Structures are given as C-alpha cells and as structure tokens.
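Comments concern the structure below.
Nothing in this text is a laboratory measurement; each read-out follows from the coordinates by a stated rule. Treat the numbers as computed from the prediction; the structure is a model and nothing was measured. Cβ placement follows ideal geometry from the backbone for every residue including glycine, while neighbour counts extend to all protein chains displayed.
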Amino acid sequence: MRIGVFGDVHANFAALEAVLTALEAEECDVLVCTGDVVGYGPSPAECIARLRERQVPCVLGNHDKYVTLLADPSLEKLDPAVRAAITWTQGVLSMDDLRWLAALPFRFDGDGFAVIHGCLGPHRWRYIVDGPSLAEHFAYQDVPLVFSGHSHLPILGTQAPGRPPRLGFLSQARIPAGVKAVLNPGSVGQPRDRDPRAAAAVYEADSRTVRVLRVAYDIAATQVLMRQAGLPERFVERLAEGR
Ligand code: ZN
C-alpha cells in the first residue's frame, strides 16, 4: 500500500492542486491530510471543496479549530496577524464549510497508522521539533506509525526499543521493523524549511520507506490573491522565502 501524506495546506489552492497532481502521478492508494486546511491563505473554500470532493481523511488542525471559534478567550492570545487571517477566513466560509471544519476529528486511524495534527498526549498543539517534545509524543504513541503536521517541517522521529528517540530532517528514509516512527510531510501551503516549494510525502507500507516530494507551484498567483484579500503582508512575503 502506498500512502500519500500531506497537510498544512493553509488555504493555498494553487499549492494544493500541484500536490494532488504530484501524488496522483505517484499512484497512491490512499491520501491522508494532517490538518490546517485553512488559515493564512486566500482560498479556504476552494481547498475545503477539493478535499471534500476527493474524500480525503483529514484531521483537525489548530487553525481549523480557531476558524470555528467565535469570541473564545483562546483567540485573544493569538498573534494579531494570525487573528486577522482567522477572522477573514470566518467571513468567507459558508456555514456548511464551517460545520465540516468543526467536525474534523483530532485523530484518524488507518491500517497500522494514525494521523494527527500536532502531538499525542495532553499538549495537542505542541510542535514535535526537539528531543523533549518527541519523547512526550512517543510516550503516548500506541501505533507503529503516526503522520503529523503543525511545524511545517519535513521531519522523521524514530525510537527503537530500549533506545532514546531520534529526530532528523526527512528527505527519504527506510523505517526499520519494530521501530516507532512519527513523520511530518512538511507543509503544502506555507513551507518553513527555506524551500518555498509545496511539500508532501509518499509512504510505502510494504518496504517501510518514505520519500518527501517538493512540488513547484505558482507562488506569485497565491500572493496576488492574498493581497487582494487584504491578508497580512508578512504572510504574503514568507511564501516566496519558505520560512
Ligand atoms: Zn499549520
């Protein structure tokens, strides 16, 4: 079985289309989405429509959650620019799309793997980016393999029995049998590893190998839409830099 993994789409429809085309060419048997379909970007409705039409199993990201909240105290703590993008997104989505977002599960379980957005355990929006966060996540990981998003960085965390957890940047790897793994495919719509191309991963269950794809898309076209929508300039500029 070949699994196409992608997430952190962030309402970037041009990037999503490019990634779906690339995953189609890879002849994946199933696709899964690690959440954050919306937030930051200019095309939330288009991205939701495409995922619904393709019936891609998708989990709830923190931005997906924020968009479904109104007058919630947790929104007050957000960076004002993030909040501006959330408010703009709320204004352009239909009630039906908001309901779809609100109904996304925290976790999706497949055959031998689970999909989440952040981290297992009590801190669900913790970034898995270092030893302590990886160790906390693994303490709660009850399946061999987890696909996760949130940090927008393609990374692989592994833990062999009786050994300390290890974390590294991912381009391609083979996960040895009996080793626990958490894999982040990077971000479709707002990469942060200094490579502005959209990211996704292909996991081969039979050989336990994983490969990150980088897919060029029309960044300038997304930036034009963001400026037209009046989204914060900081989010527009970072797309071209991949940070
Ligand atoms: Zn995100």
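Summing charges over all other residues whose Cβ lies under 10 Å from the Cβ of Gly61, with Lys and Arg as +1 and Asp and Glu as -1, gives -2.
In percent, rounded to a whole number, the relative contact order of the range 2-239 is 24, using alpha-carbon pairs under 8 Å and six or more apart. Using C-alpha pairs under 8 Å with a sequence gap of at least 6, the mean separation divided by the residue count of the range 96-228 gives a relative contact order of 18 percent. Mean-square fluctuations from a GNM of the chain, with a 10 angstrom spring cutoff on Cα atoms, peak among Pro73, Pro122, Pro132 at Pro73. Ellipsoid fit via the Cα gyration tensor, the chain: semi-axes of 28, 19, 17 Å, each the root of five times an eigenvalue, largest first. Think of it as helices only: each DSSP H run of n ≥ 4 in the chain is worth -39500 (n - 2.57), and spread over all residues that comes to -10000 deg cm²/dmol at 222 nm. A DSSP coil position with no more than 10 other Cβ atoms inside 10 Å describes the following trypsin sites (Lys or Arg not before Pro) in the range 130-236: Arg194.
Residues whose amide H falls under 5 Å from that of Tyr217, counting only those 5 or more places apart or on a different chain, are Ala198, with hydrogens built in the peptide plane. Of the GluC sites (Glu not before Pro) found in the range 1-83, those that fall in a DSSP loop while having at most 11 other beta-carbon atoms within 10 Å are Glu27. Count Lys and Arg as plus one, Asp and Glu as minus one, and take only other residues whose Cβ is under 15 Å from that of Pro132; the net charge is then 0. Isolated cysteines of the chain, defined as having no other cysteine beta carbon under 4.7 Å away, are Cys28, Cys47, Cys119. With a cut-off of 10 Å between beta carbons, the residues surrounding Glu17 carry a summed charge of -1, where Lys and Arg count +1 and Asp and Glu -1.
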